Amino acid sequence: MALRNSLIRALAAISIIYSFSTPVLAEGEKQQVLEPGLDGTLNHIKYEAASTPPSEATISRAIERDYYKQKYMNTITDEGVDSLDQSSKRYWLLWCMYGFERHGIRYQNEIKKWAVRYAGISEKHRKIVKSSSDYEKIYDTVHDLWGINGQIAKDVVTHALAYYSIPRDELDRFILVQEYNENWDNQERVNEAIQHVVRDWATEGQHERATAMKTLTDMLTTHFPSRSVSQPARVLVPGAGLGRLAHEIAELGGFSVTANEWSAYMRLAYRYVTSLRKKESETNHPFLDWWSYQPSRTEMTRPVLFPDSVVPSSGPQEVVMVEGDWTVEFANDTAVYDAVVTFFFMDTATNMLDYMDTLSRVLKPGGMWINLGPLLYHDAAVEFSLEDWMDVAEKGYGFEFVDVPEEWGPLTLKSKKARNRDIGYMYHKESLRRNIYNAQLFAAVKKETDLDE
Ligand SMILES: C[S@@+](CC[C@H](N)C(=O)[O-])C[C@H]1O[C@@H](n2cnc3c(N)ncnc32)[C@H](O)[C@@H]1O
């Protein structure tokens, strides 16, 4: 922490000196906005009208962003595809890019297999299908539309190569080696990240976001009435996925928001989608991959436009994305955040107590923890019921629960301040199947005395 603070101070000093030593722009001259382009070149550099010098809040966001980026970049310096250790972060990043790069072709090959299955039906059945519908067109339609999805996935890779300064040749060679060794990429994870684009960054995902995110942002607004741009409340959103909630909080103003995500699949998609500068500039066909539960072919092939919102890449409302396991990345941070918001996240822990340790350490005394989500464990060491978990948070970690908005209905348990609602997670809203959780909403304040104990 001390090292980080001194680094941040040093960087702040350099930025301030730099801002004074930079020649003043002549009238009408433009400022560069340095963002990696989708084509991986710098030809896309955009110019914006020069305005007033950046505020301190802007500088501090930029410093934090650069600090965490550099910290991550230092962990992926090991080059040489053949010698890369499978546990290395560079290997992991290349592995995820491999999945995105092959997204189009893998599904197009799957569709061929489906077509072969259909080809096996009897002549009589085929005649019935042909005379009553144009069902057979589906194979070509989906094959073509999947080409569009595949191109989006390749754009994710192109953006990532530029962002992480990884040469294209290195990825190409990495893929060659993996395919030669028959190490097949994980399309399930790629698909999950791409589906999250709908949840987070398309109007289509509004049915999942609206109630949940509005509740969380309203609770923060109410709890931090005197925050300001110069004295922002610091908020951490761990396990942020594609980050929409973090950006919604930043949008409120007066919050300095740090998001965090462990999965490189999610981070690659996040970096790409938040780099897009034009609203609804991209099109995807996200419902093609699973033909079960489709109400109609029109619905299944329907395009979805994204992003529905363009996020600031600098300024006080910029969100800083910290890459990695939050129990590791924030291991040296004590009493840094005024609030931690856990949204469909805490149950991802293999040991919830590790998460509780991190949570209670990074929060300032008096800081607020807001949680919304289900309890879906994945072979965890500890699988608490809601009641057990809240007891542990209260008695083991010194959290004091406060009531949450009553419109969330009656208390889930008479003795605990948690309320619940059915909240959807990653489902196509016209689908014949609904993926809904009875998500638990609660809020707790970290007691002032806890740090001294
Ligand atoms: C169920 S998803 C929810 C994502 C997001 N909060 C949302 O609601 O869309 C949980 C996320 O937590 C991430 N995650 C899991 N373990 C993590 C860890 N130790 N540190 C940071 N992120 C983690 C996963 O990669 C995944 O993106």
For this session: Any chance you could check the Cα centroid distance between region 61-106 and region 364-409 for me, in angstrom?
Result: 33
Problem set entry | Charge tally in the Cβ shell below 13 Å around Glu430, where Lys, Arg are +1 and Asp, Glu are -1, Glu430 excluded | +3
For this session: Could you tell me whether the chain comes out rounded, prolate or oblate from its Cα gyration tensor? Rule is a ≥ b ≥ c as square roots of the eigenvalues, rounded for a/c under 1.5, then prolate if a/b exceeds b/c, otherwise oblate.
Result: oblate
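Please report the equivalent ellipsoid semi-axes of region 188-452, computed as sqrt(5 x eigenvalue) of the Cα gyration tensor, largest first, in whole Å. It would help to have the intermediate numbers written out before the result.
Values: eigenvalues 184, 97, 59 Å².
Equivalent-ellipsoid dimensions as semi-axes: 30, 22, 17 Å.
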Exercise. Can you list the trypsin sites (Lys or Arg not before Pro) in region 265-322 that are in a DSSP coil and have 12 or fewer other beta carbons within 10 angstrom?
Worked result: Lys278, Lys279
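Given axes a ≥ b ≥ c from the Cα gyration tensor, I'd like to know whether region 327-422 is rounded (a/c under 1.5), prolate (a/b larger than b/c) or oblate.
Details: a/c = 1.78, a/b = 1.27, b/c = 1.40.
Oblate shape, in that a/c is at least 1.5 and b/c is the bigger or equal ratio.
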Problem set entry | Loop-located GluC sites (Glu not before Pro) in region 325-405 whose Cβ has at most 16 other Cβ within 10 Å (DSSP) | Glu383
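Helix-derived [θ] at 222 nm for the chain: sum -39500 (n - 2.57) over DSSP H runs of at least 4, divide by residue count, nearest 500?
Values: 15 runs with 194 residues, N = 453.
Estimated from H runs of four or more residues: -13500 deg cm²/dmol.
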Problem set entry | Net +/- balance of residues flanking Val304 in space, Cβ distance below 10 Å, scoring K and R +1, D and E -1 | -3
Exercise. Using unit Cβ charges (K, R positive; D, E negative) and no other charged atoms, how large, in debye to the nearest 20, is the dipole of region 109-263 about its Cα centre?
Worked result: 440
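Listed highest first by mean packing, meaning other Cβ atoms within 10 Å per residue, what order do 117-127, 167-177 come in?
On the way: 117-127: 9.5, 167-177: 14.9.
Ranked from most to least packed, the peptides come out as 167-177, 117-127.
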Exercise. Out of the DSSP beta bridges found with both residues in the chain, what percent are antiparallel (nearest 5)?
Worked result: 60
Exercise. If R0 is 30 Å, what FRET efficiency do you get for Ser415 and Thr221 from their C-beta distance, rounded to 0.05?
Worked result: 0.55
Exercise. Using 7 Å Cα-to-Cβ label points, what is the Asn183/Glu400 separation (nm, one decimal)?
Worked result: 5.3
Seminar exercise, completed: Given the candidates Trp326, Ala349, Ser292, the one whose Cα lies deepest towards the positive end of the charge dipole of region 254-349, counting +1 at each Lys or Arg C-beta and -1 at each Asp or Glu C-beta, is Ser292
For this session: With a ≥ b ≥ c taken as the square roots of the eigenvalues of the C-alpha gyration tensor of region 59-123, please select rounded if a/c is under 1.5 and otherwise prolate if a/b is larger than b/c or oblate if it is not?
Result: oblate
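Which helices, taking whole DSSP H runs in the chain, have alpha carbons extending 27 angstrom or more along the helix axis plus mean Kyte-Doolittle at least 1.0? Write out the running numbers ahead of the final one.
Working: long enough: 2-21 (28 Å, 1.12); 138-163 (37 Å, 0.22).
Qualifying helices, which must be both long enough and hydrophobic enough, are 2-21.
What net charge do the residues around Ser415 carry, taking every other residue with its C-beta under 10 Å from that of Ser415, with Lys and Arg at +1 and Asp and Glu at -1?
Details: positive: Lys414, Lys416, Lys417; negative: Glu387, Asp391.
Charge balance near Ser415 sits at +1.
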Problem set entry | Point-to-point label distance, Trp92-Thr52, nm (Cα→Cβ direction, 7 Å offset) | 4.2
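None of the figures in this text is laboratory data; all of them are computed from the coordinates on show. If you're wondering where the values come from, they're calculated on a predicted model, not measured in any experiment. No Cβ is skipped: glycine too gets one built from the backbone with ideal geometry, and neighbour counts run over all protein chains shown.
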